[in-house]
Amino acid sequence: MRRASSTEIRRFLLDRLGLSGPLRSAGEAPALAASLAMIQIDSIRVTGLRNHEIAWLARVQAPVADFYAMLHQRGEMLETHYPVFAVRRDWVPTLSSALPDLRPRDRATRRRIAALMDQVEAHIRANGPAGPADFQSRRVVGGFNTIKATTRALEHLFMARRLQISGRTAHFHRLFDLSERSLPELNGWEPPPVAEYERFLLVSALQVLKIATTEQWADRVALHFGSWRGASIRRWRALVEAHAPELAAPVEASDLPGKPIYWHLPEDAEAWETAVREPSPDAPARIVPPLDNLLFNRKRFTELFGHDYKFEAYTPIDKRRFYFAMPVIHGDRLAALIDAKREDGTWRIVGYHGFETMSGEAMRGAVHRLAAFAGATHVGASARLPRELRKALVGKIES
């Protein structure tokens, strides 16, 4: 069994997630996205950029428009509501096979709105992609408050795999189109046998995580299966324990308490060559969003980086420290947490906590690059920053 320090495991993870070394070129970006397999989509835009847009910019030199072209124009990845992810196209049929498996209450709802679902589908068939704003109907209980009955019909059509998410409006509302147009691979597709399906869940979960303990792996399998389906985590723990030796390679974390065993897919083994080398001091710092792949398992993040992370956007104001705190990764370390808002033309730092010493130049490069993509012309700061860091960060963004 390979033995590795937590630093080496951390470097392995950052390499596999595309968060080490130089930023990838536009030509390399689609392959990197495919290797990530799932990128979480979120609509919060307080920084001027959304979660998935920041995740993209943390890895590649390509503009955000390239992400949407890959997703909504070329269809190399597809958007799901499972929860909301950009997912490898070839995974979608199998991953979404869980969607029709509804709770009794949801099955009753679907029967009740069956006629409305047919009407909505007929409209899309005749008129092309449509979103909730294209329909008028009574409001019903659902979502964070209430939603239109037609919006519920759209969601159930998606769950029934009759529709796919095919785009977004200028206001970031979902557009739906017929599956036969957006994902014709579903035509005649049959779910795989149970053993094959469970193998897919195991492999896809570890491909997303890149490296994980059995408990972290099982948690991700549960998400791919669908938490609403009610399967106990004990089932996934047992499945991971039974199949880990045949699917993955073990690594002992030699300097962590209890020397936990981590697992990774064999095809990722080349990353150990990077893991044993010190990162280049010239590598760019990366600002990653709260729902980045790096944070898909917060316990793993704490174990490997030595600090807790909490996404506090939905925490009551009087109980939170940050709103949209973004980890800053430099080399193989968590250098800082930074929270910011775009206010007109200024990208204002409203929260900051430093963990590791890093040059003002490296932090300026990361902050000013992200702020420029967010449409800002200046960087400001209302948070307390070390004097030298404030001097490096605050000011006009050079084109």
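The values are calculated or read from the model by the stated rules, or taken from the named source; none is laboratory data. Note that the structure is a prediction, hence the values are computed from the model and not measured. Because the Cβ atoms are built from the backbone with ideal geometry, glycine has one as well, and the counts that use them run over all protein chains shown.
Checking each residue in segment 220-235 for being in contact with a Lys or Arg (Cβ under 9 Å, 6 or more places away or on another chain) and either farther than 22 Å from V87 by Cα or among the charged types (D, E, K, R) (or both) picks out R229, G230.
Considering each of R162, R125 in turn, give the residue that is surrounded by fewer than 15 Cβ atoms within 10 Å (Cβ to Cβ) and either at pLDDT 95 or above or not aliphatic (A, V, I, L, M) (or both). The match here is R125. Exactly one residue out of Y309, Y323, Y314 is of a type in the set (S, T, Y), touching a helix residue (DSSP H, G or I) at 6+ places or on another chain (Cβ under 8 Å) and either assigned to a loop (DSSP other than H, G, I, E, B) or under 30 Å from E8 (Cβ atoms) (or both), and it is Y309.
Number of residues in segment 220-235 that are in a helix (DSSP H, G or I) and touching a residue at least 24 places away in the same chain (Cβ under 8 Å): the value is 5. Taking the criterion of being under 21 Å from the mean Cα position of the chain (by Cα) and in a loop (DSSP other than H, G, I, E, B), the only residue of segment 249-283 that qualifies is L265.
For segment 161-219, a residue qualifies if it is at negative phi, in a loop (DSSP other than H, G, I, E, B) and of a type in the set (A, V, I, L, M, F, W, C), and the qualifying residues are A170, L183, W189, I211.
Okay, residues lined up against (1) touching a residue at least 12 places away in the same chain (Cβ under 8 Å); (2) buried (at least 19 other Cβ atoms within 10 Å of the Cβ); (3) touching a Lys or Arg at 6+ places or on another chain (Cβ under 7 Å):
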site	(1), (2), (3)
Y314	no, no, no
D318	no, no, no
R342	yes, no, no
F355	yes, no, no
M358	yes, yes, no
A366	yes, yes, yes
L370	yes, yes, no
H378	yes, no, yes
S382	yes, no, yes
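Looking only at segment 280-305, how many residues end up being modelled with pLDDT under 95 and over 14 Å from G18 (Cβ atoms)? Number of matching residues: 3.
When residues in segment 71-119 are screened for being assigned to a helix (DSSP H, G or I), closer than 14 Å to L163 by Cβ and not β-branched (V, I, T), 6 of them pass. For segment 182-219, a tally of residues being out of contact with any Pro (no Cβ under 8 Å at 6 or more places or on another chain) and either among the polar types (S, T, N, Q) or without any contact (Cβ under 8 Å) to a residue 12 or more places away in the chain (or both) returns 13.
If you go through segment 36-73 and pick out every residue that is surrounded by fewer than 16 Cβ atoms within 10 Å (Cβ to Cβ) and small (G, A, S), you end up with 3.
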